[in-house]
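Any read-out appearing in this document is the output of simple, stated calculations on the displayed coordinates, not a laboratory observation. Quantities reported herein were computed from a predicted structural model and do not represent experimental measurements. A quick note on method: Cβ atoms are made from the backbone with ideal geometry, for glycine too, and the neighbour counts reach across all protein chains shown.
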Amino acid sequence: MRLFLRIVAGLVLLGLLVVVALILWPLRLTAPERLTVADDAMAWPAVEKEDYPRLAVVAADCAACHTADDGARFAGGRAFPTPMGTIYSSNITPDDETGIGGYTLDEFRAALVDGVRGDGAHLYPAMPYTNYRKLAERDVAAIYDYMMNQVEPVRNTPPEDEMTFPFNLRFGIRAWKWVSLPRPGFTAASDDPVLARGAYLVEGPEHCGACHSPRNALFVQSGYDASDPDFLSGGELNGWPVPSLRGEDGAPATWSEQALTDYLRTGRNAASGVGGEMTLVVEHSLQELPDSDVAAIVAYLRALAPNGGGSDDGLLVTADGTRAGALRDAQDSTGTIAMLSAADPDEMELGARLYLDNCSGCHFSDGDGSDSVVPRLDGNRIVNADSPVGLIKTILDGAELPSTHLAPYALAMPGFADRLDDAEVAELASFVRRAWSNDAPPVEADAIGQYRE
């Protein structure tokens, strides 16, 4: 018994020593020299010097996370639900009391690439500092310059984070960083300056891997560049399936260069439209980038595709004006088009009737929608995803394509949460997931309620 108590006491003492070390051990912050990227390392955008700070902020997509719905730009307060609780983005306007007005450049760099707040507290990794460790020092300095000199200070204190124990103890994040932080700095893997620029944007400021890469049991991102096969291989975000950008069926491997460009630049192309968090990325970042940067991202993603990039432009209307969907009528092995066109209630299950009543007016009986207006459901990645959550949330809450410079019309799909009960949503989702050429498992009614807001 005495030996047992000694072992327990020893373990407790060891645990206390680890906690003390996590709190008191001096921090080693990233020096600016480690983030230096040579001028000839990539195709830097040709913009006026005075406009570069704004571009650096746009490329890092700061506004998407640090602007709450109906809130002041960069003033924080956007909620990020996690399995450990809810995190609220901070105020990054130059307000001296509630923002970052008192930060030096060194303190700002520490927050951006090391995840260390100005008061020394560790930031939760909802802030993508693991990806920002690839930022060039010129971009760190440019973002700092823009935030301090071109953003109006806003007096706003976001809500306190609502993290469960022990995740509310920030010193524990330091232990997480020991196993998650990649080495700082960006090294181009290609001698092609355009591909190098695309890699830099995707791996660093745009932090695409934060959503499009899987995470392990410790929520550490699997891979931070293309040398890791898990990088950009798909993931999950708040239940939404996040598609792979490297697989044979991924967008870069199937869509043409123009179709992928249109999607990133406008949030839509002839076959698809953005949804979920990607809407904010297009709205606040991608549409504002120079054409050369979007072209670099597209070139890099297509270079990662196993076939070097696809050729499908997604157009539903052929050169002779024939609607492509009509050409597939004879190949409709499920008989969906014929059944919906006949509209015989005696021959239709509940899901088909619900589709005809609520969806066919926009998505049509062939599930093809309209070029760059209504996304195609036949073959849609969200519809056919292993997880039906994205489809369920879209049916319940609706969706809206962002208004962009090249496509200013904001198109909205209404939500049906008030019109359809759980059983009806499940029937409708199940029908769509196996209609036309789709082939995905059905949805159970008891899976719907948890996603109602």
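Please state, rounded to one decimal and in Å, the Kirkwood hydrodynamic radius that region 402-453 gives when every pair of distinct Cα atoms enters the mean of 1/r. Computed over region 402-453, the radius equals 13.1 Å.
Here r is the Cβ-Cβ distance between residue 409 and residue 38 and R0 is 51 Å; the resulting FRET efficiency, rounded to 0.05, is 0.75.
Eigen-decomposition of the gyration tensor built on the alpha-carbon atoms of the chain gives equivalent ellipsoid semi-axes of 42, 28, 21 angstrom, largest listed first.
Would you please give the FRET efficiency between residue 29 and residue 138, computed as 1/(1 + (r/R0)^6) with r the Cβ-Cβ distance and R0 = 25 Å, to the nearest 0.05? Once the sixth-power term is evaluated, E becomes 0.85. Paramagnetic label reach from residue 97 (point 7 Å along Cα→Cβ; backbone nitrogen cut-off under 17 Å): within region 129-159, residues 153-159.
For residue 218 and residue 357, a Förster radius of 56 Å and the Cβ-Cβ distance give a FRET efficiency of 0.75, rounded to the nearest 0.05.
Taken along its three principal axes, the alpha carbon spread of region 46-90 comes to 43, 21, 13 Å, from the longest extent down to the shortest. For region 28-41, backbone phi angles converted through the Karplus equation (6.51, -1.76, 1.60; θ = phi - 60°) give residue-by-residue couplings of 10, 8, 6, 7, x, 4, 6, 9, 5, 10, 5, 4, 9, 6 Hz, Gly and Pro being listed as x.
Among rounded, prolate and oblate, which fits region 180-296 when a ≥ b ≥ c are the square roots of the eigenvalues of its C-alpha gyration tensor, a/c under 1.5 means rounded, and a/b larger than b/c means prolate? Present the calculation step by step, with values, prior to reporting the outcome.
Working: a/c = 1.59, a/b = 1.15, b/c = 1.39.
Oblate is the answer for region 180-296, as a/c is 1.5 or above yet b/c matches or exceeds a/b.
Bridge orientation summary for the chain: considering DSSP beta bridges with both residues in this region, about 90 percent are antiparallel. Each part reduced to its alpha carbon centroid, region 63-129 and region 373-394 end up 32 Å apart.
Legend: translational diffusion of region 333-412 by Stokes-Einstein, Rh = Kirkwood radius over C-alpha pairs, 20 °C, 1.002 mPa s; D = 153 µm²/s.
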